[in-house]
Each structure stands twice: as C-alpha cells, then as structure tokens.
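The values are calculated or read from the model by the stated rules, or taken from the named source; none is laboratory data. These numbers were taken from a predicted model, which means no experiment stands behind them. When we count neighbours, we look across all protein chains shown, and the Cβ atoms used for this are built from the backbone with ideal geometry, even at glycine. Areas reflect the complete protein model, heavy atoms only, side chains present, ligands, DNA and RNA absent. Shrake-Rupley method; radii C 1.70, N 1.55, O 1.52, S 1.80 Å.
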Amino acid sequence: MSSFKPILHFLSNILLVYLLYMVCRVIYILEFWDLYASSWDQLSLSRLLAGSLRFDTSAIIYTNILYALLVLPPYPRRWVSGRIWQLIAKTLFVVVNSLMLSVNLVDTVYSRYTGRRTTCTFFTEFSNEGNLGSIVGIELFNHWYLVLAGLAMIALLVWLYRSPFPYTDHTKQRFRWLNLICFLAYIPLAVIGMRGGASTAIRPITISNANQYVNRPSEAAIVLNTPFSLIRTLGKTTFSDPAYFTPSQLDYIYSPLHQPISADSLQVDTTRRNVVVLIVESFGSEYIGALNNGQGHTPFLDSLIGQSLTFTHSYSNGRKSIDGMPSILSGIPMFVEPFFVTGYSLNDVSGLAGELSRSGYTSAFFHGAENGSMGFEAFARTSGFQSYYGRTEYNRDPRFNGDDDFDGTWAIWDEEFLQFYAATMQQMPQPFVTALFTATSHHPFVVPQRYRDSLQQPGHPIYTCVRYTDHALRRFFHTASQMPWYRNTIFVITADHTNITEQPAYNNPLGTYSVPIIFFDPSGTMPRGRIDAVAQQTDIMPTILGWLAYPRPYIAFGDDLIHTPANQTWALHYNNGVYQHVQQNYLLLFDGENAVGYYDLNADPYQQNNLLPSLPPHLQPLLQTHLDHTKGIIQSYMQRMVNNQLTIDSNPRQ
C-alpha cells in the first residue's frame with residue numbers, strides 16, 4: 001500500500017483544491033443571492049454541478065501544471081527525498097492555489113460592478129488608474145469576512161497538504177514504475193481536462209460555454225471560476241472604443257437600434273408566422289447553381305430559389321461556424337475575435353428567438369452533434385432559445401435510429417436529423433421560431449454509404465457532401481410540406497461560412513464571404529425574386545422582425561432588407577486585421593485607422609485595381625461617406641460590447 005501513497009497524496013491535494021473552489025463558489029452565490037434567488041428554483045443543481053466541475057477541472061489543471069511536473073515523473077530518489085525538493089513542491093502548491101482562491105474571492109466583490117467573472121480586460125481597463133490601492137483597501141475593510149475566508153482556505157492548504165514522497169527503500173522500484181505509469185496516464189487526462197472534453201466535436205471550452213448550464217447570461221458566473229476566465233482571455237485581442245466620433249455624431253452616422261415598423265405604412269405580415277432558420281454547414285454561394293448560371297451542385301435549392309427572395313450580393317459575417325450563429329440569429333457580426341471566445345460573450349444578448357418569445361413564440365435550436373459541441377448550446381440559451389435538441393435528444397427519440405445514424409466524426413447525418421427536426425416541430429405549439437445547424441458538408445467530407453455512388457461529384461469531395469445535403473433538404477421540405485404548420489411558416493436558408501473556393505469570382509477576399517441568403521414563404525405573401533442589393537447574415541433578424549411587424553425596439557447590426565432601399569444596404573467583414581465594407585457596388589478596405597483599398601466591384605469584380613492611389617474627384621465624397629459609415633459601425637459595436645449594450649433591456653441607449 002505504501003507504493004500508492006505518493007499518487008494518493010497527490011490526488012488528495014488536488015481534491016482539496018476542488019473542494020476549496022467549490023467553497024468559493026458557494027460564497028459567490030451567497031454574496032449575489034439577491035440576484036439569483038428569484039430564479040434559483042428554475043436552475044438544475046445537477047447541471048450546475050456538472051458545469052462547475054468542468055470549468056474547475058480546466059482551471060485547476062492549468063494552474064497546477066508545474067506542481068504535477070514536480071511530483072509525478074519518476075525522478076531519482078536522491079532528488080525527491082531531499083527536504084529542499086519537498087519544500088519547493090509544497091510552496092509551489094500552496095502559493096499558486098492560494099493566489100487562485102484569492103482571485104475567486106476578490107471577484108466576489110468586483111463582479112458586483114460588472115455582472116460577470118473578471119477577464120484579462122480588467123488589466124487593460126484599469127492600467128492607468130492610480131487609486132486602485134485605496135479602493136482595494138476600502139473593499140478589504142468592507143468585506144472582512146472574505147478576508148477571513150481566504151486566510152482560512154490558505155491555512156487549510158498548508159495544514160491538509162500531504163507530501164507526495166512518502167516512500168521507503170523497499171518500495172523504491174515499485175514507486176518508480178508506478179509514478180511512470182501514472183505520469184503517462186496523466187498527460188492525456190490533463191489535456192482532456194483543460195479542453196473540457198475528449199470528443200473531437202468539442203472545441204476547447206471558453207467562458208461562453210457556461211451559458212449551457214444556466215438559464216440566463218447573468219447566471220453563468222455561478223459555474224465559472226475567475227482563474228478560468230482569466231486564462232481563457234489571456235492574450236486575446238480585446239475590444240476597445242476607437243472614439244472616431246462624438247456621441248451625437250455617432251448616433252447620426254450609424255445606430256444599430258431598430259424601431260418598430262408601422263403595420264399601416266409599409267408592407268408587412270401580421271399573421272404571427274412561424275420562423276424556421278436553416279444554417280447549412282459550408283454552403284458557399286459558389287456551390288449553388290441558381291446563383292451561378294446553372295453551374296452548381298444543388299438541384300433542389302435551385303428550384304426553391306426560383307420561388308424565394310434572394311439578393312445579388314450576399315455575404316457571411318465571418319469565416320467560422322462560431323461566427324455564423326451570432327450573426328444569423330442575433331445580428332452580431334464577427335469583428336477582431338469570434339464573439340464566442342471573447343470576454344464579452346457573457347454580455348446580455350438577445351436574438352430572433354429572444355425577441356419573438358416576447359410575442360408568445362416557442363423556440364428551439366437543433367444541432368445533430370454532441371450536446372455542447374462548438375458552444376452552440378450555450379449561445380442558443382444566451383440568445384433566447386427555450387429548448388435545445390442535439391445528438392442526445394435524437395438518440396432518445398424512439399422514432400429514429402439513434403447513434404446508428406451517427407456519421408462517425410461530427411454528428412447525426414443531415415438527412416435523418418432534418419427528419420427529426422420536422423417531426424419535432426410538428427409537436428411544438430404555434431407560433432414557433434426554430435433554427436437548425438447542419439453538419440455533414442464538413443471535413444472529412446463523407447456521406448452515407450448508400451449514396452456514395454449515386455451522389456458522387458467530380459472535383460473536391462465537398463461537392464458530394466453538398467449534393468447529399470441538398471438531397472436532405474429536399475426530403476425535409478417534402479416532409480414539412482405535409483404538416484399543418486408549413487404554409488404558415490417563413491423559411492430562411494443560409495450558410496455559416498464558405499469552404500473550398502475554386503471559381504475566380506469567389507476566390508478573392510470578398511468572394512470568400514459569399515453565402516446564400518434565401519427567404520422562402522410557401523404562402524407567397526413575402527416578396528419573391530432576386531433583388532440587386534447587398535445582404536449579410538446580420539440582416540436576417542431585422543428582415544424577419546420587420547416583416548412580422550415586431551412591435552418592440554431591439555439591437556442588431558444589420559438592415560431590414562425588405563424595407564431598406566437597395567442602395568443603402570451594406571455588409572461589413574473583418575478579415576485578418578482589415579475591415580471590408582461593401583455598399584453601392586464599392587468595396588472599402590479599412591485597417592482601423594486609414595482606408596487602404598477602394599474598389600469598383602462592377603468594373604473590377606476580382607478586386608485587382610485599387611482606386612485609392614488615383615481616386616477620381618467624383619468618387620471622393622462617396623469614399624468619405626463609406627469610410628464614415630464603416631467607422632460608425634465599428635465604434636458602435638465596440639462601445640456596445642464594452643458597455644454591455646447589446647439589448648434594449650441591458651442598457652437602453654436611444
């Protein structure tokens with residue numbers, strides 16, 4: 001048994017840290033009980049515990065890496081048996097974990113003013129303040145009980161610490177072998193713990209993942225811990241107000257505040273229509289025949305587009321799946337960093353589901369991957385979706401084949417999961433708003449065995465996947481068309497981002513953002529045809545809410561494409577440090593300080609001729625207008641991110 005003591009003592013020390021992290025969490029909850037009390041009975045304690053352990057594990061492994069490297073490898077006996085080695089190990093363990101526990105307790109005070117766990121932006125925000133010492137002193141006095149709690153925890157770390165080196169000569173060899181085995185086992189387990197999961201479908205967890213364990217963004221701090229929040233935002237490019245304009249100038253140049261549309265003055269639909277948003281993985285415009293003179297891989301979508309509303313220039317707001325979901329469902333573009341991975345992902349956020357729920361809509365989000373994959377479940381809850389359906393829920397449904405329909409890498413095959421989607425919506429009370437994120441048209445680009453011959457396409461293997469997903473969409477619409485809710489539904493079809501590009505029209509900085517944006521109304525009430533206008537993913541929410549005559553103001557960084565003149569619509573992307581602004585057939589490139597490119601897309605669709613070096617005089621006023629508009633959007637975005645003003649309720653700004 002003595003051979004196991006080093007490992008058991010190491011584990012007991014780590015378990016002590018887990019316990020003290022949980023004590024800090026309880027203190028945090030008690031300190032904010034007035035905020036959580038009214039909704040506490042709606043929270044799931046098991047989910048809170050699961051989420052807390054997930055984030056605590058990541059933080060504890062990160063912060064105890066050096067300690068583990070000191071005690072787990074099978075070092076020579078003469079090293080580890082010395083008092084100096086043991087003193088170094090204990091000191092490192094106590095100091096590091098005392099600091100982490102203290103950070104948790106300090107944040108119990110500071111979070112009162114921020115409403116969220118502290119991130120690395122704290123150090124930038126207060127870098128020029130000279131009065132922090134006095135403020136800290138006052139708060140230590142006011143919260144003396146937290147000081148005592150911190151001292152008690154540090155004392156427990158010292159008192160309950162067990163040395164991982166209690167072996168004798170006769171256990172020497174067994175100790176070496178056991179330590180080697182444990183150390184080799186620890187490495188993959190540590191990686192899994194730091195990432196937050198072992199599945200290839202799970203990205204390393206970020207602070208936004210906390211939202212999947214709670215019901216409101218303000219509750220995410222319960223499952224988080226401050227060391228994790230600091231670690232996950234360390235080195236991340238943060239948002240800051242560029243201060244291009246004064247407040248009055250900014251409100252004149254650009255505001256994302258949308259006011260209700262009068263049902264009496266404009267064409268709208270007041271019949272409380274259902275809304276279904278299909279986010280199709282990697283479906284760039286390049287693959288769609290109806291958008292490329294018949295050259296494509298989507299015969300079904302081609303036929304549907306003929307009955308839909310589309311736009312000549314339509315774009316994504318980012319290049320990743322985690323960019324697409326906030327843009328499409330909440331009108332939040334990707335600037336600088338994906339919203340999911342910044343310290344501002346815990347801001348108050350609404351969206352299509354959150355706004356329509358105010359009008360009595362039920363809502364659900366669907367993604368056939370492992371629950372928690374890509375952070376989608378967390379953002380779905382953040383933006384107002386009431387229910388989430390993933391691989392877990394699919395497996396529970398006896399009408400389907402469970403994991404027999406799993407593609408082996410990412411998710412349930414699109415065809416089967418889309419059928420599950422239709423069947424589940426059939427059980428939802430109307431009106432409803434739902435969204436689904438497909439998965440099959442993704443690396444490693446495989447389709448079910450039964451289709452590999454019939455749907456095989458020449459060229460890149462993604463083309464076969466695109467044709468398969470197009471077939472899955474055909475089957476979905478056929479099934480949905482037999483259901484009573486179908487004709488009372490507006491369908492939106494878009495892609496999260498583009499993928500492989502081969503045609504010159506798409507293989508350029510702007511073309512790599514070209515995705516379809518399709519509005520299909522089976523009743524024929526919504527306008528149809530192709531409008532010569534610019535459209536972007538962030539326009540989807542304003543367009544739907546405008547068409548439905550939504551009666552409340554809201555925030556979205558986009559336009560109502562039906563009620564905005566075509567020459568006033570625009571798109572803005574952030575591409576490797578440069579903002580790309582598209583409006584009136586002109587592309588402006590802006591690096592945050594200066595215009596670095598200006599292109600006439602009619603005469604120069606591939607952006608080969610930069611007009612800036614010899615800009616004609618008649619274009620100079622237009623350039624200035626586009627430059628001011630770009631700056632206004634960026635400044636409004638940054639200010640609202642930093643000040644948590646992404647919803648009307650969080651901080652009204654008229």
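Structure notes:
- Hz values of 3J(HN,Hα) by residue in segment 46-61 - Karplus curve (6.51, -1.76, 1.60), Gly and Pro given as x: 5, 5, 4, 5, 4, x, 4, 5, 5, 6, 5, 4, 4, 5, 5, 5
- FRET efficiency for the pair ASN488 and LEU19, taken as 1/(1 + (r/R0)^6) with r the Cβ-Cβ distance and R0 = 60 Å, rounds to 0.65.
- Ranked by how many other beta carbons lie within 10 Å on average, peptides 248-255, 43-50 from highest: 248-255, 43-50
- For segment 551-612, the alpha carbon convex hull comes to 107 Å³ per residue, rounded to a whole number.
- Packing-based ranking, highest mean first, of 282-288, 383-389, 420-426 given that Cβ atoms within 10 Å are counted: 282-288, 383-389, 420-426
- Counted over the chain, the DSSP beta bridges are approximately 50% antiparallel.
- Per residue, the convex hull around the alpha carbon atoms of segment 35-106 comes to 106 Å³.
- Shown for the chain: the carbon plus sulfur share of the solvent-accessible area, taken with all protein chains present and a 1.4 angstrom probe, equals 57%.
- Partners of LYS5 within straight-line reach, counting aspartates and glutamates whose Cα lies under 19 Å from its Cα and excluding those fewer than 8 residues away in the same chain: ASP169.
- Cα-based values for segment 181-326, radius of gyration first and Dmax second, are 23.0, 75 Å.
- In units of the compact-protein estimate 2.2 N^0.38 Å, segment 241-284 shows a Cα radius of gyration of 1.94.
- Heavy atoms of the protein chains alone define the surface here; on that basis the chain has 41 Å² accessible area per residue at 1.4 Å probe size.
- Translational diffusion of segment 283-322, µm² s⁻¹ [Kirkwood Rh, Cα pairs; Stokes-Einstein; 25 °C; 0.890 mPa s]: 223 µm²/s
- Segment 320-369, Rg to Rh (Cα coordinates; Rh as Kirkwood inverse mean 1/r): 1.00
- A simple packing score, the average count of other Cβ atoms within 10 Å per residue, orders the peptides 295-302, 433-440 as 433-440, 295-302, with the highest score first.
- Entry note: segment 505-648 has Rg to Rh equal to 0.99, where both radii use alpha-carbon atoms and Rh is the Kirkwood radius.
- Per residue of the chain, the DSSP helices (runs of n ≥ 4 H) give a summed -39500 (n - 2.57) that works out to -13000 deg cm²/dmol at 222 nm.
- Using the Stokes-Einstein relation with a Kirkwood hydrodynamic radius computed over Cα pairs, the translational diffusion coefficient of segment 323-415 at 4 °C and a viscosity of 1.567 mPa s comes to 90 µm²/s.
- When ILE412, ILE29 are compared by accessible area of protein heavy atoms, the largest-first order is ILE29, ILE412, using a 1.4 Å probe.
- Across segment 178-186, rounded Karplus estimates of 3J(HN,Hα) from the backbone phi angles (6.51 cos²θ - 1.76 cosθ + 1.60, θ = phi - 60°) give 5, 5, 5, 4, 5, 5, 5, 6, 5 Hz, Gly and Pro being marked x.
- Interchain or long-range residues, amide H under 5 Å from PHE311's placed H: ILE517, ILE531
- Stokes-Einstein diffusion of the chain at 10 °C, 1.306 mPa s viscosity, Kirkwood radius from Cα pairs, rounded to a whole number: 59 µm²/s.
- Kirkwood analysis of the Cα pair distances in segment 423-495 returns a hydrodynamic radius of 14.1 Å.
- Share of pairwise Cα separations in segment 281-364, more than 15 Å, in percent: 68 percent
- Förster radius 56 Å - calculated FRET efficiency between LEU184 and SER303 (Cβ-Cβ, nearest 0.05): 0.45
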